[in-house]
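Student: Let me give you the structure first, and then I'll get to my questions.
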Amino acid sequence: MENTVAIGERTASWDVAVLVAFLALMAFLWMGLRRRDVGRRYGGSMLLFAAGILFLHITPWVADPWAAGLRALVLLALAFALVRAAVVTGDLLIRRRRAYFSTIFRDIATVLLYVFVVLAVAHWVVGIDPTPLFATSALLTAVIGLALQETLGNLFSGVSLQLQKPFEPGDWVRFGAHLGRVQGIGWRSTRLVTRSLELLEVPNALLAKEVVTNYRGSAVGDELFVAISYQTPPNRAKEVILRVLDHNPEVAKIPAPQVLLADYGDSAVRYRIRFWMLDFSHQDTVRDAVMTSIWYALRRHGIEIPYPIRTLYVHEAERRQGDDRALRERVRTLRQVDFLSDLDDEELGVLAPSLHESAFVRGETVCREGDAGDTLYVVQAGSVEVVARGANGEDVHIADLAAPAFFGEMSLLTGETRSATVRAKTDAELLVVERRGFERLFQSRPSVAEVVSRTLAARRDELRELREQPQATESVETRSRRLLTKMQAIFGF
């Protein structure tokens, strides 16, 4: 009998040691996993499972009637741990496929499972009959209904929103003064995230009553207004603005953008700009890019955005002095072009009527490879980037140009298409020389054309090397004569 008692004591000690080791292992795993998001989500299941195992080992040492209660707690803890783990696992699997989703049906199913577990344990372990709970008095039912009226209203409204689907997780919606992206519909509220990253918890009952604007679709419309001088013909203003919209990758091509004359103001003509965006979440950045590009485009084309003030008429002599100063500055800029540096002021003055200044915003394309070109650009301020298509079709960086660099002379003087794409690397001010100016220059001084042709031939060799293309067999001198022949045919000298 003493041996039996000793064996029993050793067995009890071994059970305690195993229990302590198990609890220590669970605590170690919980402490290690709680630093990660997945570990934190499974933390509740682990704690419930550990509590169930602990109660299971304590139950044999407790006498009735407490033993029945502990057995019920064991089953509840283990069942709750299983339900919680299953819900978390399903949630993680859904989040792998979708960034946003509604949780209302998951929440309702979880609550029903918990209620079912409690009722089952109460009936089969404790011996409580749950039938009377479903047959409460009318007064108690009315009291509970009134107390949960708002909660039940949100619950049924959430189910209605989920079934009707006026919006889905991921959609941008507006109601009242609020705008946000739907994260999901819960049993009480719908979660939205605004463009300022503010989290809104909107009661489902409120959304069910509101007029909701859903910005779902392949393109979402927006509109802007701009005021332009009365001196600019409306068709020209519309053409410039439409060109800006066409070059913005965030603006949809279908439906096509529209520029409509809205009204005649006191000091300007107002135009309504309608366009559609591919992603409504980028509305602020798209509006900023469009308005910024419009300013630069209007500036390049000499189109005025007038101030709302009276016009002051400057004396003719003062205006002429300002024009003379601007002309001298432009001639000084032209003298920095290598094949024009030897010309005197009178000869450079021949180009004056064909000069104007243009401003480009950072990232905007000045000219595109393969397009026809009849202008020469001289960098006055800022810098531009030159890229060209390589042998494999990829963009090859050719050079960065800053003042007093120039480009575009090959297309202007030979009639060939642009051999490279030039984009503004920073906000850039460019002096533009048109082809008709060179027509007058070459006709008055044909010797200049020979110097220019040599420069073009040398530059073409340099561009070919940067593109890693095979070297042509003809010499620079031969190519120079060929280019000169083209120039003579174009400019007629």
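The values are calculated or read from the model by the stated rules, or taken from the named source; none is laboratory data. Treat the numbers as computed from the prediction; the structure is a model and nothing was measured. Positions of Cβ are generated from backbone atoms using ideal geometry, with glycine treated the same way; all protein chains shown enter the neighbour counts.
Student: Taking Glu439 as meeting all but one of (1) touching a strand residue (DSSP E or B) at 6+ places or on another chain (Cβ under 9 Å); (2) part of a helix (DSSP H, G or I); (3) not aliphatic (A, V, I, L, M), write down the number of the exception.
Tutor: Exception for Glu439: condition (1).
Student: Considering only residues of the stretch 345-368 that are part of a helix (DSSP H, G or I) and of a type outside the set (Asp, Glu), which is surrounded by the most Cβ atoms within 10 Å (Cβ to Cβ)?
Tutor: Leu348
Student: Determine whether the stretch 275-286 contains at least one residue that is more than 22 Å from Leu179 (Cα to Cα) and not acidic (Asp, Glu).
Tutor: No, the stretch 275-286 contains no residue that is more than 22 Å from Leu179 (Cα to Cα) and not acidic (Asp, Glu).
Student: Applying the selection to the stretch 424-436, what residues are of a type in the set (Lys, Arg), touching an Asp or Glu at 6+ places or on another chain (Cβ under 7 Å) and outside any loop (DSSP other than H, G, I, E, B)?
Tutor: Arg435
Student: Another question, then. Yes or no: Glu429 of a type in the set (D, E, K, R), in contact (Cβ under 8 Å) with a residue 40 or more places away in the chain and either touching a strand residue (DSSP E or B) at 6+ places or on another chain (Cβ under 7 Å) or surrounded by fewer than 16 Cβ atoms within 10 Å (Cβ to Cβ) (or both)?
Tutor: It is true that Glu429 is of a type in the set (D, E, K, R), in contact (Cβ under 8 Å) with a residue 40 or more places away in the chain and either touching a strand residue (DSSP E or B) at 6+ places or on another chain (Cβ under 7 Å) or surrounded by fewer than 16 Cβ atoms within 10 Å (Cβ to Cβ) (or both).
Student: Which condition number in (1) exposed (fewer than 15 other Cβ atoms within 10 Å of the Cβ); (2) modelled with pLDDT of 85 or more; (3) farther than 25 Å from Arg243 by Cα is the one that Ile398 fails?
Tutor: (1)
Student: Let me ask you something else. Pick out, from the stretch 133-211, the helices (runs of 4 or more DSSP H) lying fully within it that include 3 or more residues that are surrounded by fewer than 19 Cβ atoms within 10 Å (Cβ to Cβ) and modelled with pLDDT under 80.
Tutor: Filter on the stretch 133-211 gives 138-147, 149-164.
Student: Here's another thing I want to ask about it. Tell me, yes or no, whether the stretch 223-232 has at least one residue that is part of a strand (DSSP E or B), surrounded by fewer than 13 Cβ atoms within 10 Å (Cβ to Cβ) and of a type outside the set (D, E, K, R).
Tutor: yes
Yes or no, residue by residue, for (1) among the charged types (D, E, K, R); (2) closer than 26 Å to Thr365 by Cβ; (3) touching a Ser or Thr at 6+ places or on another chain (Cβ under 8 Å); (4) loosely packed, with under 14 Cβ neighbours inside 10 Å:
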position	(1), (2), (3), (4)
Ala256	no, yes, no, yes
Asp263	yes, no, no, yes
Asp266	yes, no, no, yes
Ile273	no, yes, no, no
Leu278	no, yes, yes, no
Arg287	yes, yes, no, no
Thr292	no, yes, no, no
Trp295	no, yes, no, no
Glu304	yes, yes, yes, no
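Student: For Ala219, only one of the following conditions fails: (1) touching a helix residue (DSSP H, G or I) at 6+ places or on another chain (Cβ under 8 Å); (2) surrounded by 15 or more Cβ atoms within 10 Å (Cβ to Cβ). What is its number?
Tutor: All conditions pass for Ala219, except number (1).
Student: Pick from Leu430, Leu348, Leu343, Leu412: which is in contact with a Phe, Trp or Tyr (Cβ under 9 Å, 6 or more places away or on another chain) and at pLDDT below 85?
Tutor: Being in contact with a Phe, Trp or Tyr (Cβ under 9 Å, 6 or more places away or on another chain) and at pLDDT below 85 holds for just one of Leu430, Leu348, Leu343, Leu412, which is Leu412.
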